[in-house]
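The structure appears below as structure tokens.
The values are calculated or read from the model by the stated rules, or taken from the named source; none is laboratory data. Because the structure is a prediction, the values reported are computed rather than measured. Because the Cβ atoms are built from the backbone with ideal geometry, glycine has one as well, and the counts that use them run over all protein chains shown.
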Amino acid sequence: MKNLTTSIVLLAAALIVSASTALSADSKNQSPRGFSVRSLNVTPYEVGEQIERGATRAYVARVMSGQSRQELTSDVWVYSGYHAELDAANEQGCGSMIITFANDKVVDLKLVNKRAVAVIIAKLKLSPAAKNIASKK
């Protein structure tokens, strides 16, 4: 499981693009794109609910309880419908937040486009570790 989580983090890291990269409307929908995120403001900032690296799985589940999530694995959760404070991320269609856990703590936060989510899902389907996990359920 640790290797699978590491693979997902590495795959997501490979999707990060420079904020200065300009893309046409066609390419933004076809190319996987992602941005590393330091923290996610879940509620109005003055309330103080933020998800950051090191947050526990239980905390994330609690503060995101009103949000619909897609669990790619038990350690990789996707939430859709996000808007970044970075214009480049919005221009590239990055509206899905991927939260990756290891040892029940957040180890990575990525804001990605739909194509990146599809690539990660495909990678998980091909992964022998993912198949082993699915067969144990």
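One line per residue, one yes/no per condition, for (1) of a type outside the set (A, V, I, L, M, F, W, C); (2) modelled with pLDDT under 65:
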position	(1), (2)
1	no, yes
5	yes, yes
49	yes, no
67	yes, no
Segment 101-118: number of residues that are farther than 9 Å from residue 34 by Cα and either crowded, with 24+ Cβ neighbours inside 10 Å or among the acidic types (Asp, Glu) (or both): 2
Pair list, Cβ under 8 Å, 6 or more apart: segment 101-113 residue touching a residue at least 24 places away in the same chain (Cβ under 8 Å), other residue among the aliphatic types (A, V, I, L, M) and in a loop (DSSP other than H, G, I, E, B): 105/55; 106/55; 109/37; 110/15; 110/37; 111/37; 111/84; 112/15
